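Student: One structure, pasted below without further comment.
The values are calculated or read from the model by the stated rules, or taken from the named source; none is laboratory data. From a predicted model like this one, the values you see are computed outputs, not experimental measurements. We place every Cβ from the backbone using ideal geometry, glycine too, and count neighbours over all the protein chains shown.
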Amino acid sequence: MSMNVHITFDYELFFGTYSGSAEKCLLEPTNRLLELGQQHQAYFTFFVDAGYIYQLQQHAHDASCAQTLKKVGSQLTTLLRAGHEIGLHIHPHWEDSFFKNGKWHMNTARYKASDFTKTEIQNIVNKYHAALKTITGKSCNTFRAGGWCIQPFQHIREALIAEHIFTDSSVYHGGYHQFSAHSYDFRKAPDATEWQFDTDECVPAENGRFTELAITPLTLSPVFYWQLYLNMKLNPDFYKPLGDGMWLKDKKKIYRQFYRQTHHFACCDGYFASTLIPAFKTLSKQHKKRMVILGHPKSLAPCSFLYLEKFIQFVKNNNGQLTTMNQGIV
Ligand SMILES: [Zn+2]
């Protein structure tokens, strides 16, 4: 049986103290992905942070924002022309963020959809999606919540219906995170690759209006994180992400990874890309028909491209399909 493999990227800047540049976080790594896709006839899904596009348009009076908007816009249309998919990614904290003196000032106090009223979030989703559509000329079919913060789903449900978006990919089985900015709890999510749902993304509902194409869960051992740490120390040029910004960090979570097994997901960021072939083998043995991988252009390191290329070849040699999400919905 062949497996649908969706390699997905959240196309966004960093949201910590430094947002990083569009060149290093988006344009350069994505151009390398375009080359990789073209070489191997692999198609990816890019969840574009539409709030960023909206704010670039709002700040188009600033020459550097206008120039970035032009470059990013041209990259997005190139992606579509090459057969990749653009999905909708919403980070509502763009509402409170602005560009001044040559840099973005991010305010992540209201990071989750649920930090806004239902009416506000409907308006945000609508205007961010509209901003993205002015560039791509196309509505998005798939959605991923910023920072996985899709809960409570009821809060954003009407907004997605209004945009005719009925496919989500924000959930990974076992995922749990409680932090000042992020919070989500997917411990009750089905251990399945996909399901229909209606009012709660973790509760399958027959004939539900929405489809969840779940991000593939993956348990990582402390050994992985020690290896990652050592690699970064010994060969930073190869293992360090290309993006030049700073993550919104939860230090407690980072330390915990060094001594406890963690619920993670199939990921192609940095050294995480090395876990993809073993994960694919396990899923094949379990006769799973879908694998959803999450990454970020900003977090790809030189090593990631190498691991990704090997992975893509491996999938092809093992009868897998590297498709976009909207192509993979049967
Ligand atoms: Zn994001």
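Student: Can you run down the residue pairs with Cβ atoms below 8 Å, 6 or more apart or on separate chains, where the first is in the range 176-190 and farther than 17 Å from HIS264 by Cβ and the partner is modelled with pLDDT under 85 and part of a loop (DSSP other than H, G, I, E, B)?
Tutor: As it stands, the answer is ALA181/LEU248, since those pairs meet every condition given.
Student: Do we find a residue being under 21 Å from ARG157 (Cβ atoms) and in contact (Cβ under 8 Å) with a residue 40 or more places away in the chain anywhere in the range 65-87? Walk me through how you get there before you give the answer.
Tutor: Let us first name the residues in the range 65-87 that are under 21 Å from ARG157 (Cβ atoms), namely 87.
After this cut, where a residue has to be in contact (Cβ under 8 Å) with a residue 40 or more places away in the chain as well, the list is 87.
The answer is yes; a qualifying residue exists.
Student: Just one of the numbered conditions (1) more than 16 Å from the ligand (Cβ to nearest atom); (2) touching a helix residue (DSSP H, G or I) at 6+ places or on another chain (Cβ under 7 Å) is not true of THR142; which one?
Tutor: Among (1) more than 16 Å from the ligand (Cβ to nearest atom); (2) touching a helix residue (DSSP H, G or I) at 6+ places or on another chain (Cβ under 7 Å), the lone unmet condition for THR142 is (1).
Student: Test ILE165 against the criterion of being in contact (Cβ under 8 Å) with a residue 12 or more places away in the chain, closer than 24 Å to GLN57 by Cα and assigned to a loop (DSSP other than H, G, I, E, B), and give yes or no.
Tutor: Values: in contact (Cβ under 8 Å) with a residue 12 or more places away in the chain: yes; closer than 24 Å to GLN57 by Cα: yes; assigned to a loop (DSSP other than H, G, I, E, B): yes.
Criteria met by ILE165.
Student: Across the range 70-96, which residue is nearest to the ligand (Cβ to nearest atom) among those that are crowded, with 18+ Cβ neighbours inside 10 Å and assigned to a loop (DSSP other than H, G, I, E, B)? Lay out the reasoning, then the answer.
Tutor: Taking the range 70-96 as the starting set, the residues that turn out to be crowded, with 18+ Cβ neighbours inside 10 Å are 72, 75-76, 79, 84-95.
Narrowing the set further to residues that are assigned to a loop (DSSP other than H, G, I, E, B) leaves 84, 91.
Values: HIS84: 18, HIS91: 6 Å.
The qualifying residue nearest to the ligand (Cβ to nearest atom) is HIS91.
Student: Could you say whether any residue in the range 146-159 is within 16 Å of the ligand (Cβ to nearest atom) and assigned to a strand (DSSP E or B)?
Tutor: First, pick out the residues of the range 146-159 that are within 16 Å of the ligand (Cβ to nearest atom): 146-151, 156.
Still in the list and also assigned to a strand (DSSP E or B): none.
Checked the range 146-159: no residue is within 16 Å of the ligand (Cβ to nearest atom) and assigned to a strand (DSSP E or B).
Student: Just checking, which of PHE265, PHE238, PHE210 is touching a residue at least 12 places away in the same chain (Cβ under 8 Å) and touching a helix residue (DSSP H, G or I) at 6+ places or on another chain (Cβ under 6 Å)?
Tutor: Values: PHE265 fails: touching a helix residue (DSSP H, G or I) at 6+ places or on another chain (Cβ under 6 Å); PHE210 fails: touching a helix residue (DSSP H, G or I) at 6+ places or on another chain (Cβ under 6 Å).
Only one candidate passes the filter, namely PHE238.
Student: Just need a number here: residues in the range 106-140 that are over 19 Å from LYS71 (Cα atoms) and assigned to a loop (DSSP other than H, G, I, E, B).
Tutor: Number satisfying all stated conditions: 11.
Student: Which residues, counting only those in the range 2-33, are at negative phi and part of a loop (DSSP other than H, G, I, E, B)? Working first, answer last.
Tutor: Restricting attention to the range 2-33, the residues satisfying the condition of being at negative phi are 2-19, 21-33.
Those that are at negative phi and part of a loop (DSSP other than H, G, I, E, B): SER2, MET3, GLU12, LEU13, PHE14, PHE15, GLY16, THR17, TYR18, SER19, SER21.
Student: Still on this structure: Name the single residue that is farthest from MET325 (Cα to Cα) among those in the range 1-50 being within 14 Å of the ligand (Cβ to nearest atom) and among the acidic types (Asp, Glu).
Tutor: Going through the range 1-50, the residues within 14 Å of the ligand (Cβ to nearest atom) turn out to be 8-16, 19-20, 25-26, 45-50.
Adding the requirement that they be among the acidic types (Asp, Glu) leaves 10, 12, 49.
On the way: ASP10: 13, GLU12: 19, ASP49: 17 Å.
Taking the candidates together, the pick is GLU12.
Student: A further question follows. With (1) in contact with a Pro (Cβ under 7 Å, 6 or more places away or on another chain); (2) buried (at least 20 other Cβ atoms within 10 Å of the Cβ); (3) outside any helix (DSSP H, G or I) as the list, and GLY174 as the residue in question, which single condition is left unmet?
Tutor: Unmet condition: (2).
Student: Turning to a different aspect of this structure: Looking at PRO152, PRO92, which one is farther than 20 Å from GLY73 by Cβ and at pLDDT 95 or above?
Tutor: Details: PRO152 fails: at pLDDT 95 or above.
Answer to the selection: PRO92.
Student: Now for a separate question. List, please: which pairs have Cβ atoms under 7 Å, are six or more places apart or on different chains, and start with a residue in the range 8-37 that is over 16 Å from ASP269 (Cα atoms) and end with one that is within 13 Å of the ligand (Cβ to nearest atom) and hydrophobic (A, V, I, L, M, F, W, C)?
Tutor: Pairs that qualify, where the first residue is over 16 Å from ASP269 (Cα atoms) and the partner is within 13 Å of the ligand (Cβ to nearest atom) and hydrophobic (A, V, I, L, M, F, W, C), are PHE15/MET106; PHE15/LEU248; GLY16/TRP247; GLY16/LEU248; SER19/LEU13; SER19/MET106; GLY20/LEU13; GLY20/PHE14.
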